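The values are calculated or read from the model by the stated rules, or taken from the named source; none is laboratory data. The structure presented is a predicted model; accordingly, all values stated were derived computationally and were not measured. Cβ sites come from the backbone with ideal geometry, for glycine too, and all protein chains shown count toward neighbours.
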Amino acid sequence: MEKIEVGEVFTIGDGEQEEEVEVVASMTVDGQDYVAVAFTEDLRDDIEEDIEVFFLKVDEDGDFDVIESDEEYDKVVEAFDEILEEEE
């Protein structure tokens with residue numbers, strides 16, 4: 001499976017409602033791949049307030065999965081914050 005790249009756009013949803021999201025960052029934490037995504041509509045609108053970012057786990061097949069624990073989530077957020085600090 002190819003690595004998911006920043007800038008790729010995907011449709012996610014629950015079957016009833018679907019939204020387009022764009023990958024704004026990718027990271028590996030403890031050998032597991034994750035992506036940070038934001039709604040493409042928010043990114044295109046160039047809104048001045050903070051953009052809501054979601055974190056998803058990437059499984060072996062390249063499919064998205066939820067982050068299951070607070071501890072795992074906290075590690076991913078910390079890695080994302082480090083990426084943001086490096087870009088400043």
Residues of segment 29-55 satisfying the condition of being free of Cβ contacts under 8 Å to residues at least 24 places away in the same chain and in a strand (DSSP E or B)
A38, F39
Y34 vs. criteria surrounded by fewer than 16 Cβ atoms within 10 Å (Cβ to Cβ), of a type outside the set (K, R) and within 13 Å of the chain's Cα centre (by Cα):
no
Could you say whether any residue in segment 2-13 is in a strand (DSSP E or B) and crowded, with 17+ Cβ neighbours inside 10 Å?
no
Could you tell me whether any residue of segment 16-23 is in contact with a strand residue (DSSP E or B) (Cβ under 7 Å, 6 or more places away or on another chain), outside any helix (DSSP H, G or I), of a type outside the set (D, E) and surrounded by 15 or more Cβ atoms within 10 Å (Cβ to Cβ)?
yes
For the subset of segment 66-88 comprising residues that are exposed (fewer than 12 other Cβ atoms within 10 Å of the Cβ) and not in a helix (DSSP H, G or I), which member is farthest from the chain's Cα centre (by Cα)?
E88
How many of the residues in segment 37-58 are at pLDDT below 90 and either under 9 Å from the mean Cα position of the chain (by Cα) or of a type in the set (D, E) (or both)?
8
